[in-house]
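The values are calculated or read from the model by the stated rules, or taken from the named source; none is laboratory data. Because the structure is a prediction, the values reported are computed rather than measured. Don't worry about glycine lacking a Cβ; one is built from the backbone with ideal geometry, like all the others, and counts go over all protein chains shown.
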Amino acid sequence: MKTGTTICRREFFRASLFGGLAAASAGRLGSPTIAAEGAPAGSASRVALTTGDNRADNVFRGLDILRKEIGRAVGNRRVVIKPNNVSTEIQLSATHADCLEAILEFLKSIGKLDGAVIAESAATGPTMEGFHNYGYPRLAAKYGVKLIDFDQQESKTVHVFDQKDFRPHAVRMSPILLNRDNFIISVAKLKTHDLVVATLSLKNIILGAPVKDPGFRWGKGRTPGKLTQKPIVHGSGIYGINYNLFSLSERLHPDLAVIDGFDGMEGNGPTNGTAVDHRVCLVSPDWLAADRVGVELMGIDFSKIGYLNYCAKAKRGQTDLDRIEILGPPLARHVRHYKLSDNIERQLIWQTPPKRA
């Protein structure tokens, strides 16, 4: 399908035909269409599951199955593609360029590429450095899209909870992700996490929104004027981060979830885990349904993940697997049991309410 990192458009068209037939077949079954804002808890959601030996092909086919729904949801909005670059140097932890190229090629095929941007605030170092390390500038040049570093843009103040003092704390965030006039695509990965068990499409958006001062880099010393806002959203612990992810999800969430599990990460994620050769991809306009299916694919007990359970109770999407229509192969055939973080027992403290002093 591709040589190096260059994707053959002819192969995309072949994938497009396959995906179009799958979507047409699903439509004949009378399955409901889900709005971009997610589905109420009582309705069914559609999640495209694709598998195969080529990452880009998996992503494109997943998008193409939902071609009409995505096109309608985008409308005239600017598309903001948000990769998951928690690290600027560890490719396993970050969004692969092939995944982004599949998305750009799909947007081009439905006439929604104009004005699209790839935007991020990397967690551990300069965002543009990560973009270059992962080969994003080549894609920007090929498809005529901009690369945006949230850290170099204006910011907006939002308040979040901190479990140490139970007070609101100000955090500077990207207004690009807060702007609901943009169509936000979360390009996440299947990864375990050392604070919230698993990190998928929602967390990618919320933890990408807080900005860093230019030049900040973890492990290189913190000097005045070179700080990061991201720890503020962590809320000083397990209770804080789970609550903040839930609370912020009302304002900060994807309009489309693309979860790349071609090579997942297990163990001490989101950066220090090991690879899982999984070769799957999930796509859905219901981000919570996508994250729910992602958790299932990882063989993780959904009840262990605090912030997603909070979102389910608030009816911010569908989490009942009986009401999620999988467009693709049977889910059970592709479940893998990811090893969880070494500190998993400490992470589960969210299940027990804190005692009052």
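Of all the numbered requirements in (1) buried (at least 24 other Cβ atoms within 10 Å of the Cβ); (2) over 30 Å from residue 52 (Cα atoms); (3) acidic (Asp, Glu), residue 250 misses one, and that requirement is (1).
Residues in the stretch 270-296 that are touching a Phe, Trp or Tyr at 6+ places or on another chain (Cβ under 9 Å) and of a type outside the set (Lys, Arg) were compared, and the one that is farthest from residue 63 (Cα to Cα) is 273. For first residues located in the stretch 51-62 and more than 15 Å from residue 100 (Cβ to Cβ) and surrounded by fewer than 24 Cβ atoms within 10 Å (Cβ to Cβ), partners that are of a type in the set (Asp, Glu) and at pLDDT 95 or above and lie 6+ apart or on another chain with Cβ distances below 6 Å do not occur.
Hey, does the stretch 109-119 have a residue that's surrounded by 18 or more Cβ atoms within 10 Å (Cβ to Cβ) and more than 16 Å from residue 176 (Cβ to Cβ)? Write out each step before concluding.
Applying the first criterion (surrounded by 18 or more Cβ atoms within 10 Å (Cβ to Cβ)) to the stretch 109-119 yields 109, 112, 116, 118-119.
From the residues that got through so far, the ones that are more than 16 Å from residue 176 (Cβ to Cβ) too are 109, 112.
Yes - at least one qualifying residue is present in the stretch 109-119.
Could you list all residues from the stretch 298-316 that are more than 21 Å from residue 184 (Cβ to Cβ) and not in a helix (DSSP H, G or I)? Result: 298, 299, 300, 301, 305. Would you point out the residue of the stretch 253-306, among those that are of a type in the set (S, T, N, Q) and surrounded by fewer than 24 Cβ atoms within 10 Å (Cβ to Cβ), that is nearest to residue 177 (Cα to Cα)? Looking at the filtered set, the residue picked out is 271.
Residue-wise test of (1) hydrophobic (A, V, I, L, M, F, W, C); (2) modelled with pLDDT under 95.
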{"residue": "85", "(1), (2)": "no, no"}
{"residue": "94", "(1), (2)": "yes, no"}
{"residue": "100", "(1), (2)": "yes, no"}
{"residue": "104", "(1), (2)": "yes, no"}
{"residue": "111", "(1), (2)": "no, no"}
{"residue": "114", "(1), (2)": "no, no"}
{"residue": "122", "(1), (2)": "yes, no"}
{"residue": "125", "(1), (2)": "no, yes"}
{"residue": "130", "(1), (2)": "no, no"}
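Condition check: in contact with a Cys (Cβ under 9 Å, 6 or more places away or on another chain) and aliphatic (A, V, I, L, M). Does residue 321 satisfy that? Quick ask: steps written out before the conclusion?
On the way: in contact with a Cys (Cβ under 9 Å, 6 or more places away or on another chain): no; aliphatic (A, V, I, L, M): yes.
No.
If you go through the stretch 307-350 and keep only what is farther than 17 Å from residue 200 by Cβ and surrounded by fewer than 12 Cβ atoms within 10 Å (Cβ to Cβ), you end up with 313, 322, 330, 332, 333, 342, 345.
Does at least one position in the stretch 134-145 carry a residue that is out of contact with any Pro (no Cβ under 9 Å at 6 or more places or on another chain), among the basic types (Lys, Arg) and without any contact (Cβ under 8 Å) to a residue 60 or more places away in the chain? Working first, answer last.
Step one: list which residues in the stretch 134-145 are out of contact with any Pro (no Cβ under 9 Å at 6 or more places or on another chain), which gives 135, 137-145.
Still in the list and also among the basic types (Lys, Arg): 138, 142.
Checking which are without any contact (Cβ under 8 Å) to a residue 60 or more places away in the chain leaves us with 142.
Yes: the stretch 134-145 contains one or more residues that are out of contact with any Pro (no Cβ under 9 Å at 6 or more places or on another chain), among the basic types (Lys, Arg) and without any contact (Cβ under 8 Å) to a residue 60 or more places away in the chain.
Which members of the stretch 167-193 meet the condition of being among the hydrophobic types (A, V, I, L, M, F, W, C), surrounded by 24 or more Cβ atoms within 10 Å (Cβ to Cβ) and touching a Pro at 6+ places or on another chain (Cβ under 7 Å)?
Residues satisfying the conditions are 173, 184, 185, 187.
Just name the residue that is farthest from residue 124 (Cα to Cα) out of those in the stretch 140-189 that are among the acidic types (Asp, Glu), over 21 Å from the mean Cα position of the chain (by Cα) and assigned to a loop (DSSP other than H, G, I, E, B). Don't jump to the end; show me each part of the working.
Residues of the stretch 140-189 among the acidic types (Asp, Glu): 149, 151, 154, 162, 165, 181.
Now restrict to residues that are over 21 Å from the mean Cα position of the chain (by Cα): 154, 162, 165.
Filter once more, so that each one left must be assigned to a loop (DSSP other than H, G, I, E, B): 154, 165.
Values: 154: 20, 165: 26 Å.
Across the stretch 140-189, the extreme among qualifying residues is 165.
Applying the set (1) within 29 Å of residue 172 (Cα to Cα); (2) buried (at least 21 other Cβ atoms within 10 Å of the Cβ); (3) not acidic (Asp, Glu) to residue 102 leaves exactly one unmet item: (1). Counting residues in the stretch 337-355 that are free of Cβ contacts under 8 Å to residues at least 60 places away in the same chain and touching a Gly at 6+ places or on another chain (Cβ under 8 Å) gives one or more. Looking across the stretch 290-318, the residues that are over 15 Å from residue 246 (Cβ atoms), in contact (Cβ under 8 Å) with a residue 40 or more places away in the chain and touching a Lys or Arg at 6+ places or on another chain (Cβ under 8 Å) come down to 297, 298, 318. Selection of the stretch 317-356 for residues being part of a loop (DSSP other than H, G, I, E, B), closer than 25 Å to residue 50 by Cβ and among the basic types (Lys, Arg) yields 336, 339.
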